[in-house]
1. Kindly indicate the residue of region A:276-293 that is within 24 Å of residue A:252 (Cα to Cα) and without any contact (Cβ under 8 Å) to a residue 24 or more places away in the chain and also nearest to the other protein chains (Cβ to nearest Cβ) among those meeting that condition.
2. In this structure, is residue B:74 surrounded by 13 or more Cβ atoms within 10 Å (Cβ to Cβ), part of a loop (DSSP other than H, G, I, E, B) and touching a helix residue (DSSP H, G or I) at 6+ places or on another chain (Cβ under 7 Å)?
3. Tell me, please, whether a residue that is in contact (Cβ under 8 Å) with a residue 12 or more places away in the chain, surrounded by fewer than 20 Cβ atoms within 10 Å (Cβ to Cβ) and more than 15 Å from residue A:112 (Cα to Cα) can be found in region A:163-173.
4. From the residues in region B:146-168 that are more than 19 Å from residue B:60 (Cβ to Cβ) and crowded, with 16+ Cβ neighbours inside 10 Å, which one is nearest to the other protein chains (Cβ to nearest Cβ)?
5. Restricting to region A:72-104, name every residue that is touching a residue at least 40 places away in the same chain (Cβ under 8 Å), farther than 23 Å from residue A:188 by Cβ and more than 14 Å from chain B (Cβ to nearest Cβ).
6. Select, from B:66, B:28, B:32, the only residue that is free of Cβ contacts under 8 Å to residues at least 24 places away in the same chain, surrounded by fewer than 17 Cβ atoms within 10 Å (Cβ to Cβ) and under 25 Å from residue B:127 (Cβ atoms).
């Protein structure tokens, strides 16, 4: 078990329930270890390079990310959400999503894979859950620092064994207008769809998150399982995922379909490439007063820039 | 008695002042209650901006409501609505320049010229400024017939303000409502449409009085 110190920025009830969650997590991890002792092995060795120093090794009790930026408060993270399936008003998502059913849940993984598989929550929690502190930069030019809990997407993809011709990963959010009132209104091509290039998806930085601040994800944050791609604008980090497909062609995301001139497939955080209607040069960190300069690839250039060598990032926005 | 009579003719003015000051009072109250937990700058910016836009559209609605619907009293509050719109637009701009961009001139210059919604908003504000200054009776007299022409710029400011709103959001459904209202206000300024509407109104009225007298 990891030692957790109550930090000055973490309210008591949060770290106490986090402690409970970590105990639960420990039990789950022990369970999965027992299973793997029964002969269940990862089918493929990891094809991705070892995780870069810094981001992976932070202890859960850290108050800051690897750049020294303070964690955003739990209250802000759970009450300020862009989740159009519930509401286009960020402050209303938490209330509208509170009764969202996150269990039972199934993530259907298929497409160009050798071993298609549907993962239920138990399956997902069999992957070792680790805490990752990532910056989240919204395309609307605000940002947060969030301590996620989850596991690399690569771990899940290795289990289904992508075929050689698979080049992209396509993700889909639950479609359930009864539970998600925003899906009843027109204007968007529901369900929400996002995509990654396979090499982006296999990077250890790319996370499937199941918790934050040591607690299980709340519906407004994409419970029970969501993608986190910290070097891309927030809308790439699709929430409440029910379907993951390996495909050959570049998937068309909901935002690409809604406004192709404004939202591209890559959506890498880039202060040098403006949104057609607003600048991305600066951002407002939630909880801070002064604007700060936006970092290229949201500060993860060292880990991800090599994926885009030779590409014109203005063209592939 | 005198006070009462004075108040009687002025209920609309009093209502206008109260209604126009309410959003500011609420802003102060909510801020005091610490309700702007997550992003106070955005909250203050959107609230002042939206109030300014609504007041501006209301001020533009006064003339059509007076001529088309025949409710002439609203013309008395047009000036107040316009000035309140300008006050909220000033607060909105000040929030942007001061709270959001910390008076950093280089950043602000970049923001204005690299984000077309800021350019549209700044232009709308630049148009409102001379209108607010010349809104007094003294200036109205001094400018004579030019005053009316000058103050037609309020329509252009309204168009720019709505465009500013459309350009700055990711989901345009909300600003589209303002586009619809503005389109309606501009449409009833078209002479043919104005004549048609007031003609129907008069016929409608005549019909009502005819049915009444026949009863």
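The values are calculated or read from the model by the stated rules, or taken from the named source; none is laboratory data. Just so it is clear, the model here is predicted, and its values are computed rather than measured. As a convention, Cβ positions derive from the backbone with ideal geometry for all residues, glycine included, and neighbour counts pool all protein chains shown.
1. Result: A:277.
2. No, not satisfied.
3. No, region A:163-173 contains no residue that is in contact (Cβ under 8 Å) with a residue 12 or more places away in the chain, surrounded by fewer than 20 Cβ atoms within 10 Å (Cβ to Cβ) and more than 15 Å from residue A:112 (Cα to Cα).
4. To start, the set of residues in region B:146-168 that are more than 19 Å from residue B:60 (Cβ to Cβ) comprises B:146, B:167-168.
After this cut, where a residue has to be crowded, with 16+ Cβ neighbours inside 10 Å as well, the list is B:167-168.
Working: B:167: 5, B:168: 7 Å.
That would be B:167.
5. A:103
6. B:66 is the lone residue from the list that is free of Cβ contacts under 8 Å to residues at least 24 places away in the same chain, surrounded by fewer than 17 Cβ atoms within 10 Å (Cβ to Cβ) and under 25 Å from residue B:127 (Cβ atoms).
This table checks each residue for (1) within 26 Å of residue A:258 (Cβ to Cβ); (2) in contact (Cβ under 8 Å) with a residue 12 or more places away in the chain.
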position	(1), (2)
A:110	yes, yes
A:122	no, no
A:138	yes, yes
A:160	no, yes
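To keep it simple, each residue is scored yes or no on (1) surrounded by fewer than 19 Cβ atoms within 10 Å (Cβ to Cβ); (2) at pLDDT 95 or above; (3) away from chain B (no Cβ under 14 Å).
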position	(1), (2), (3)
A:274	yes, no, no
A:295	yes, yes, yes
A:302	yes, yes, yes
A:307	yes, yes, yes
A:314	yes, no, yes
